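Peer 1: Just dropping this structure here.
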2 protein chains.
Amino acid sequence: MSLDDVLARIDTDLPAATDRLLELLRIPSISTDPAYKEDCDRAADWLVADLQSMGVEAEKRATPGHPMVVGHVGEGKPHLLFYGHYDVQPVDPLELWDRDPFDPAIEDTDKGRVIRGRGAADDKGQLMTIIEALRAWKEVKGDWPCRITFFLEGEEESGSPSLIPFMKENADELKADVAMICDTGLFESKTPAIVTMLRGLLGEELTITAPDKDLHSGMFGGIAMNPIRVLGKVVAALHDDTGRITVPGFYDGVPELSEELEAQWQGLAFDHASFLGDVGLSQPAGEQDRTPLEMIWSRPTCDVNGIWGGYTGDGFKTVLPSQAHAKISFRLVGTQDPFAIRENFRNMVREMMPEDCTVEFSGHGAGPASGVETGHPMFEPARQALSDEWQVPAAYIGCGGSIPIAGYFQTLLGTEPMLVGFGKDDDQIHSPNEKYDMESFHKGIRSWARILDALT
Amino acid sequence: MSLDDVLARIDTDLPAATDRLLELLRIPSISTDPAYKEDCDRAADWLVADLQSMGVEAEKRATPGHPMVVGHVGEGKPHLLFYGHYDVQPVDPLELWDRDPFDPAIEDTDKGRVIRGRGAADDKGQLMTIIEALRAWKEVKGDWPCRITFFLEGEEESGSPSLIPFMKENADELKADVAMICDTGLFESKTPAIVTMLRGLLGEELTITAPDKDLHSGMFGGIAMNPIRVLGKVVAALHDDTGRITVPGFYDGVPELSEELEAQWQGLAFDHASFLGDVGLSQPAGEQDRTPLEMIWSRPTCDVNGIWGGYTGDGFKTVLPSQAHAKISFRLVGTQDPFAIRENFRNMVREMMPEDCTVEFSGHGAGPASGVETGHPMFEPARQALSDEWQVPAAYIGCGGSIPIAGYFQTLLGTEPMLVGFGKDDDQIHSPNEKYDMESFHKGIRSWARILDALT
C-alpha cells in the first residue's frame, strides 16, 4: 500500500478523527489551576486508552505534578519521538467566550470550518494530528513506519516543573534520532513552516507590601506609602523611551541576526500592518530600531501579564491597600541566561523599594532560548514533504513563543527537535474563543503522513 | 429632671442600646455593590421603625439610588439637624476578617471592649450615638430639647449621587441652625474634637485598551503594546520625586496654613511615628517639605485605590491583555476645583497614550474641600460639653477624609455643619475587622446629651 492510500484513508476517516478530538477537548485539563487536577489526570487516561487501542504500549507515568503519557511501538531506524501536551490554558475571562470552552463544536465561519474550544489549537488538536497520521498509517499498511515513541506532557501551560527531572530519569527511553514537536504554526496562516529559532521564557511574580493592613485613604492618604504607586514605578521603569528593557545586563547574550537569516526573513515579506491590524493595533511597540519580525522572533521582550491590588470590584472604595502584585514574563533569545536575568531583575526591583516597602518574589519557570540545527539530514526531506502537502514552499522561521522542551531535547538528550505545526495567527490560543481550522487539522494529519513517508 | 438623670439613663440603657446597634449591624447595607440593594433598603426600614418607636415622624424617601431616611420631631429654637449614613463599605478581602463582618459581636480586647463588625464605627455606631442620646432625653424628660430633624443617607460610601438633588428639592425642610454630623473621630484616639477642616474627594476610574482582544505574549510580545505597561507609566507619572502631584494646575487653590492654625497644630504634638508605626510604616510618604499633620489634614493627595489587568489567578498565564484598569482618588483642600482637576487629569492621561491605545474614564464623585466657621455661637458651648464628658480639653482639628455633605449644608442650605465623632485611629474603618470601642459608643451617647443640654 502506498502513501496515497494512507492519505485517502486519512480523508475518509476525518469525521471519526474529529469526533475523537472533540472527546479530548471536552476534558477541562487546565494545568495551572489545582481545581482541575483530576481533569488533567482524565485527559492522560484518555490518551493512554487511545494509544493502546492503536496497539501502542502506552502508560501514564506519575510525577510530582500532572502525569506524563509515554508510549512505544514499532522498530527500525530512525527512532522518531513525538511530543505534545494535553494540558490547556485557563479560560477566563469566561464572559468573552461565545460558547462553553469545554463544550467544543464544529462551526462554519466565513473563513471556513473551525473546531472551537479551549485547547483546539494549543495543543490537543495539534497533538492529535500526529496520532491520527500514525493510526491511518498502521491501519493501511498493517505495520509501523519505524520505531516510534510518544511523549505527552500535562504541565506545558504551567511551566513544566516535572519535565526536566522526568527527562533526566528516563533519558535512555526518550533519546531518539529526532523529536517531533507539534506546538507551532504556519507562517502567516498560509505557508507551512519548520521553526528553527525559539525564544526562552522567564516568569516572575512579585508582591510589594507597604502598610501592614489595608487603610482608609482619607485618614492615611498623603502620609502612608501606597504600594500601587511603587509598583507603577517598577512597571514604568522596565522599558526606556525607545522600548529597550532596562534590567541590568539584560542584553548580554542577545545575538545580531546573521546576514543570511536577515536576507531570508526579508524575503518572507512579513505583513506587520495586517498582523497588528487583526488585533486592533497599528504600531510595532518594541525596540524602535528593530524590524517587526525581529521584535517577535529574535529580540527579547518583557511583558506584565497580570497586575492587581486594592479594590477592583464595582463602584469605588477609598482603600489604601497593603499590597500590590504583578506577574511579569521575559522572552529570551540567543544565550541570555534566565537565572542571571532573574537575579538582576530582582535586585533592580529591590533597589527601587522605598524604606517602608518590602518586595517578595516567586519564580514561574525559567528556560533559555534555543536554535535548531537545520543541517540535520532529516530537515530537508521534511520541508519537502510539507511543501508537497500545502503546495507552497515551506519556510524555516522563528517563533516568538517559548517551547522550552525543544532546548531540553538538545541539552538533556542530545536529540535534535523538529518543530512543525499547523496553527494559524487567528487561532486565539490563550484567549477566549480559541479555535483550530479544520484545514489545519486535516492537512496537518496528511502532512505528518508525508513526513513519515519521507523519513523512512 | 436634670442632665445627670439623662446621663444615668444612658448608662443603665447601654446594654439595650448595644443590642439595637448589633441588630442594625447585621444588615449588610453595602451601597457600592448593586447585589446589596435590598439590604440597603432594609437598613433604611429599620431606622424608620426605630425612630417611629421613639415618636419621631420618620419616613423613607425614594431616590434614584438608595433611599433617604428623614424624620422630624419637637419644636422651638434652635433647629438642630442630625446627619449620619446607614450604608457601609464592601468587606473584601473577606479572608482577612476574623469573623463574619455581618455577624457582629462584643469582644474583650487588651485595649478594652469593642463592637466588631462592618459599619460598627463607619457609620452605624456613630449615628446611633445621636439616636440613643435623644431616646434617653425623651424618656427621662418626657419631651424633646428643641426642634430636631433626622437626615440619614444610604449612599455615603458610594459617592452620594442622590444627595445634592435631594437636598435641593427639600431645602426648606432640611434647613436648620446647625447640622450635626457624626462621622469623624477623636484626636489621636484620646481627645474629643470638632473637625473644622475637611478634604474634598474626586474619584476617577480609567480603562486603557491596547489590542482589541487578549493575546498570547509569546506570539505578540515585543510587537504589540501592552496596556499594563502604559498604565504603569500613568501611575508612575502622578507624583514627582519629591511627592508632589503632577496633574497640571493641581495646586491652584491650595492655601498655606494660617500662622494661628500652624501654632495650634504644633501644640497638638501629633505623634506621627506612632500613627505610622501602628500600620507597619515609619516614613511620611507625602510632599517632602510638609509636616505629617499637613500631609493628612491640609495638603491634597492622590492615591491609586485599585489596579487590575491581565491574569491575576494562581499560577501563570502568558497573556498580553487587551485592557488595564485603575481606580484613582484625589483628596482636595482649600478651593481646589474638583471639576477642573478632573479635566486636567483626563487630559494629562490622554496625552500619555501611545497612538494605539485608547483610554476611557468614569467619574466616581467630585466634592470640594470645606472649612467650618468656628465663630458660630454654638461651637464653644459644644466644645465645652465635649471637654466635660471626656475630661480633656476638646480640640478644633482637620480631617484627612472627605465628608462632602459638610460643604453641601453650607452651600446648598446655608446651614453651618458641626462635625463631632468618637472614632479612634485603630477602628480599621474600610478595612477587615472594623470595630467601634464600647467607650466611644457609651461616651459618645453621653457627649450628645451634654451638647443638647448646652445648646438648648
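Peer 1: Would you check if B:ASP183 is surrounded by fewer than 24 Cβ atoms within 10 Å (Cβ to Cβ), closer than 30 Å to B:VAL73 by Cα, of a type in the set (Asp, Glu) and more than 9 Å from chain A (Cβ to nearest Cβ)?
Peer 2: It is false that B:ASP183 is surrounded by fewer than 24 Cβ atoms within 10 Å (Cβ to Cβ), closer than 30 Å to B:VAL73 by Cα, of a type in the set (Asp, Glu) and more than 9 Å from chain A (Cβ to nearest Cβ).
Peer 1: Would you check which residues across the stretch B:354-409 are surrounded by fewer than 17 Cβ atoms within 10 Å (Cβ to Cβ), closer than 30 Å to B:ASP212 by Cα and in contact with a strand residue (DSSP E or B) (Cβ under 9 Å, 6 or more places away or on another chain) and list them?
Peer 2: Scanning the stretch B:354-409 gives B:THR358, B:GLU360, B:PHE361, B:SER362, B:GLY363.
Peer 1: Continuing with this model, one more query. Looking only at the stretch A:435-452, decide whether some residue is within 14 Å of another protein chain (Cβ to nearest Cβ), modelled with pLDDT under 90 and at negative phi.
Peer 2: no
Peer 1: Here is a further query. If A:LEU47 meets every condition in (1) closer than 24 Å to A:TYR436 by Cβ; (2) surrounded by fewer than 21 Cβ atoms within 10 Å (Cβ to Cβ) apart from one, which number is that one?
Peer 2: Of (1) closer than 24 Å to A:TYR436 by Cβ; (2) surrounded by fewer than 21 Cβ atoms within 10 Å (Cβ to Cβ), only one is false for A:LEU47: (2).
Peer 1: Could you tell me whether the stretch A:410-418 includes any residue that is crowded, with 23+ Cβ neighbours inside 10 Å, of a type outside the set (Lys, Arg) and touching a residue at least 12 places away in the same chain (Cβ under 8 Å)?
Peer 2: Among the residues of the stretch A:410-418, at least one is crowded, with 23+ Cβ neighbours inside 10 Å, of a type outside the set (Lys, Arg) and touching a residue at least 12 places away in the same chain (Cβ under 8 Å), which makes the answer yes.
Peer 1: Can you tell me how many residues within the stretch B:291-308 are in a loop (DSSP other than H, G, I, E, B) and crowded, with 24+ Cβ neighbours inside 10 Å?
Peer 2: Within the stretch B:291-308, residues that are in a loop (DSSP other than H, G, I, E, B) and crowded, with 24+ Cβ neighbours inside 10 Å number 2.
Peer 1: Among the residues of the stretch B:154-196, how many are within 18 Å of B:TRP297 (Cα to Cα), of a type in the set (Gly, Ala, Ser) and more than 14 Å from the chain's Cα centre (by Cα)?
Peer 2: The total comes to 2.
Peer 1: Tally up the residues in the stretch A:25-71 that are among the small types (Gly, Ala, Ser) and not in a helix (DSSP H, G or I), please.
Peer 2: Qualifying residue count, the stretch A:25-71: 7.
Peer 1: List the helices (runs of 4 or more DSSP H) inside the stretch A:370-456, counting only whole elements, that have at least 1 residues being under 27 Å from A:THR335 (Cβ atoms).
Peer 2: So the answer is A:379-390, A:404-408.
Peer 1: Given the conditions (1) in a loop (DSSP other than H, G, I, E, B); (2) within 14 Å of another protein chain (Cβ to nearest Cβ); (3) acidic (Asp, Glu), report the number of the one that B:ASP143 does not fulfil.
Peer 2: Every listed condition holds for B:ASP143 apart from (2).
Peer 1: Find the residue count for the stretch A:309-350, including only residues that are part of a helix (DSSP H, G or I) and either within 14 Å of chain B (Cβ to nearest Cβ) or surrounded by 18 or more Cβ atoms within 10 Å (Cβ to Cβ) (or both).
Peer 2: Summing the residues that are part of a helix (DSSP H, G or I) and either within 14 Å of chain B (Cβ to nearest Cβ) or surrounded by 18 or more Cβ atoms within 10 Å (Cβ to Cβ) (or both) in the stretch A:309-350 gives 5.
Peer 1: For the stretch A:96-135, how many residues meet the condition of being crowded, with 24+ Cβ neighbours inside 10 Å and either assigned to a helix (DSSP H, G or I) or at pLDDT below 95 (or both)?
Peer 2: 12
Peer 1: Another question, if that's okay. Of all residues in the stretch B:356-384, which are touching a residue at least 40 places away in the same chain (Cβ under 8 Å), out of contact with any Leu (no Cβ under 8 Å at 6 or more places or on another chain) and within 30 Å of B:THR456 (Cβ to Cβ)?
Peer 2: If the condition is that a residue be touching a residue at least 40 places away in the same chain (Cβ under 8 Å), out of contact with any Leu (no Cβ under 8 Å at 6 or more places or on another chain) and within 30 Å of B:THR456 (Cβ to Cβ), then B:GLU373, B:THR374, B:HIS376, B:PHE379, B:ARG383, B:GLN384 are the ones that fit.
Peer 1: Only one of (1) under 30 Å from A:ASP425 (Cβ atoms); (2) part of a loop (DSSP other than H, G, I, E, B) is not met by A:LYS77, so which one is it?
Peer 2: Just one mismatch for A:LYS77, condition (1).
Peer 1: Further question on the same structure: Please identify the pairs in which a residue from the stretch B:275-292 that is touching a residue at least 24 places away in the same chain (Cβ under 8 Å) has its Cβ atom under 7 Å from the Cβ atom of a residue that is assigned to a loop (DSSP other than H, G, I, E, B) and of a type in the set (Ser, Thr, Tyr), counting only partners at least 6 apart or on another chain.
Peer 2: Cβ pairs passing all conditions: B:GLU287/B:THR242; B:GLN288/B:THR242.
Peer 1: Given the structure, is A:MET353 farther than 20 Å from A:ASP183 by Cβ and either free of Cβ contacts under 8 Å to residues at least 24 places away in the same chain or within 14 Å of another protein chain (Cβ to nearest Cβ) (or both)?
Peer 2: yes
Peer 1: Would you confirm whether any residue within the stretch A:252-265 is among the charged types (D, E, K, R), without any contact (Cβ under 8 Å) to a residue 24 or more places away in the chain and within 12 Å of chain B (Cβ to nearest Cβ)?
Peer 2: No, the conditions are met nowhere in the stretch A:252-265.
Peer 1: Among A:PRO78, A:PRO64, which is surrounded by fewer than 19 Cβ atoms within 10 Å (Cβ to Cβ) and either farther than 25 Å from A:MET180 by Cβ or outside the structural domain of A:LYS443 (by TED's automatic domain parsing) (or both)?
Peer 2: None of the other options fit; the residue is A:PRO64.
Peer 1: A further question follows. Out of all the residues in the stretch A:267-290, is one or more under 23 Å from B:LEU231 (Cα atoms), of a type in the set (Lys, Arg) and not in a helix (DSSP H, G or I)?
Peer 2: no
Peer 1: Of all residues in the stretch B:217-250, which are part of a loop (DSSP other than H, G, I, E, B) and either within 7 Å of chain A (Cβ to nearest Cβ) or touching a residue at least 60 places away in the same chain (Cβ under 8 Å) (or both)?
Peer 2: B:GLY222, B:ILE223, B:MET225, B:ASN226, B:LEU238, B:THR246, B:VAL247, B:PRO248, B:GLY249, B:PHE250
Peer 1: To continue, here is another question. May I ask you to verify whether A:GLY65 is farther than 30 Å from B:THR312 by Cα and among the small types (Gly, Ala, Ser)?
Peer 2: no
Peer 1: Scanning for something more than 22 Å from A:ALA237 (Cα to Cα), touching a Pro at 6+ places or on another chain (Cβ under 8 Å) and at pLDDT 95 or above, does the stretch A:369-386 turn up at least one residue?
Peer 2: Checked against the condition, which is being more than 22 Å from A:ALA237 (Cα to Cα), touching a Pro at 6+ places or on another chain (Cβ under 8 Å) and at pLDDT 95 or above, the stretch A:369-386 yields at least one hit.
Peer 1: Please determine whether any residue of the stretch A:204-218 is closer than 28 Å to A:THR63 by Cβ and among the acidic types (Asp, Glu).
Peer 2: Scanning the stretch A:204-218 turns up at least one residue that is closer than 28 Å to A:THR63 by Cβ and among the acidic types (Asp, Glu).
Peer 1: Taking the conditions exactly as written (aliphatic (A, V, I, L, M), touching a His at 6+ places or on another chain (Cβ under 9 Å) and not assigned by TED's automatic domain parsing to the domain that holds B:SER362), does B:LEU152 satisfy them or not?
Peer 2: Judged against the criteria, B:LEU152 is a match.
The values are calculated or read from the model by the stated rules, or taken from the named source; none is laboratory data. Since this is a predicted model, take the numbers as computed values, not measurements. No Cβ is skipped: glycine too gets one built from the backbone with ideal geometry, and neighbour counts run over all protein chains shown.
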